[in-house]
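Below is one structure, written out as structure tokens, with a few remarks after it.
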Amino acid sequence: MRITSLLLLLALPTFPSSAADEPKPGEWKAGVAVQVITPEQSMWMAGYANRTKPAEGKLTDLYVKALALEDPHGGRLVLLTSDLVGIPRSLSEPVAEEVQKRTGLPRERLMLTVSHTHCGPVLRDSLRTMYDMPPEEAAKIGPYTDKLKGWMVDVIGRALNDLKPARLSFGKGTARFAVNRRKPTAKGFINAANPEGPVDHAVPVLRVDGPDGRPRAIVFGYACHNTTLSFYQWCGDYAGFAQQNIEAKHPGATALFWTGCGADANPLPRGTVELCKKYGRELADAVEDTLASRLTPIIGASAAKYATIALPFDKLPSRAQWEMERHSKQHMVRNRAERYLQMLDRGEKIDNQYRYYPTQVWQLGELTWIALGGEVVVDYSLRLQRELGRDHPLWIAGYANDVMAYIPSLRVLKEGGYEGDTSMVPYGMPAKWGPEIEEKIVAKVHELAKALQPVKRP
């Protein structure tokens, strides 16, 4: 009988320790909350200047999702993900202030990210000069943005109220559908496939297990534009389908997606729902492969730093230049010129810098997670991985906390093209960035990373 019992024990399936071991007292806690943000009425869609009408229904719902974490020493962090093209500072800062007022969560411990889907709604102050819409459509944007603020604050609060014992682990997979989109030609750089250009195919994955060993949350990122689709239906694009696939394989778990430094990468080819679902499956498969591998447990405490810096513009246009652009055939150029001419007419000075560029660094055990504002090109990820990712695992999110413009590297700035120059027009910025931009951002990231307290062991 003892031999039979031993054989039965040997025949039982074994599980990786990251999934089977129950959390111990004093370890991490986690909470999750989800809110649908699909507009209830038809609205103008964000991300493309050539749209001529509002949305005509939905292919998928849009969401904001929050993951709250509490380390063994009581330090809390909250990640918010969203199916939006970008979050402007005029939204992110009031959200952060209200969250701190209600919950005590400091600004540095709240990371606000977007999927950068181009099938979501226009927000107030986001891509402010891009759109050519009738007044009745523009009138819908403010009320929706105000409602969105309330949803964000609420979902963050609910996640913090949902904290339960958890086990955290992380890894990294690979998905290869992102292609560099800056193609060099005799007339300069154009938006087209450049297979030889730099790209980041990494898929960072964070697994958050509950006491039963099953995932409660699966967080993942990818450095690529969420622009497979350009039609007139609400949709989370490939990132939305990836989250759907992951949640279908893990009932009860919430999948959360953030965008990396993919401002100069597109999902190629693109343009159909079939391709969109294909890329979503490929990204979800990369996550699943990572979950099935040996993940690294997060042990220790958390730390966070947040700072804003001023980024200078290049030479500002003269009033004569604005007067000339006022008569442009392109509505974006006209909109921007009218904005700055009105400022000059009111006697206001056009600022020669953007004063609130956000940089953020989190430490979760041995994992360092950097979050940069704006549409960040891949050069920042590649450089920071070389400089800061040698000794410890490093993740880098773009499109975080404030999406005010494209953020080119010095290389891209010198090359010009959309990411380095003309993208400043739809964002309503007065000029392209000055050549100091890359060094200022990287120096601040180094400063914040160095200032983090050493990892504490429980």
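Side notes on the structure shown:
- The candidate values are [x] 22.4; [y] 24.3; [z] 34.8; the one derived from this structure for mean projected area of the Cα convex hull in nm² carries the label [y].
- Residues residue 187 and residue 58, FRET efficiency given R0 of 51 Å [Cβ-Cβ distance, rounded to 0.05]: 0.85
- Entries of 29/305; 187/278; 249/305; 65/164; 58/249; 149/329 with Cα pairs more than 28 Å apart: 187/278; 249/305; 149/329
- Mean Cα-pair separation over length for the chain, i.e. relative contact order, pairs under 8 Å, 6 or more apart, %: 18
- Rounded to 10°, Cα long-axis angle of helix 89-103 versus longest principal axis of the chain: 40
- Once you reduce the stretch 333-357 and the stretch 67-129 to the center of their Cα atoms, the two points are 27 Å from each other.
- Crossing angle, helix 331-345 versus the chain [Cα axis fit, 0-90 degrees, rounded to tens]: 70
- Spatially proximal aspartates and glutamates relative to residue 277 (Cα-Cα < 17 Å; intrachain offsets below 8 disregarded): 61, 83, 237, 247, 285, 288
- Projecting the Cα positions of 77, 143, 129 onto the charge dipole of the chain (unit charges on Cβ atoms of Lys, Arg, Asp and Glu, taken about the Cα centre) puts 77 furthest along the positive direction.
- Gyration tensor (alpha-carbon) shape descriptor, the stretch 363-430, a/c threshold 1.5: oblate
- Packing-based exposure ordering (other Cβ within 10 Å, fewest first) of 235, 224: 235, 224
- Amide H contacts under 5 Å for residue 434, placed H, 5+ residues apart: 313, 314
- Among 40, 325, 447, 98, the ranking by other beta carbons within 10 Å of each residue's beta carbon, starting with the fewest, stands as 40, 447, 98, 325.
- Per-residue ellipticity at 222 nm computed for the chain from its helices equals -9500 deg cm²/dmol, with DSSP H segments shorter than 4 residues left out and the rest contributing -39,500 (n - 2.57).
- Antiparallel beta bridges, as assigned by DSSP with both residues in the chain, represent about 75 percent of the total such bridges.
- Taking Cβ separations below 4.7 Å as the criterion for a possible disulfide partner, the isolated cysteines in the chain are 224, 261, 276.
- Three-way shape call for the stretch 133-222 based on the alpha-carbon gyration tensor, with the a/c threshold at 1.5: oblate
- Subtracting the Cα-Cα distance of residue 315 and residue 353 from their residue separation scaled by 0.36 nm leaves 12.6 nm.
- Applying the Karplus relation 6.51 cos²θ - 1.76 cosθ + 1.60 with θ = phi - 60° to the stretch 289-300 yields 3J(HN,Hα) values of 4, 5, 4, 7, 8, 7, 7, 8, x, 8, 10, x Hz, where x marks Gly and Pro.
- Computed from Cα positions, the angle between helix 141-160 and the longest principal axis of the chain comes to roughly 20 degrees.
- Cβ-placed point charges (K, R +1; D, E -1), dipole of the chain about Cα centre in debye, nearest 20: 280
- Inter-label distance for residue 40 and residue 447, nm, one decimal - labels placed 7 Å from Cα along Cα-to-Cβ: 4.6
- Spin-label model, residue 294 to residue 272: label points 7 Å out along the Cα-to-beta-carbon direction sit 4.2 nm apart.
Every read-out reported here was derived from the displayed coordinates using simple, explicitly stated rules and does not represent laboratory data. None of the values given here were measured: they were computed from a predicted structure. Here Cβ is always computed from backbone atoms with ideal geometry, including for glycine, and neighbour counts include all displayed protein chains.
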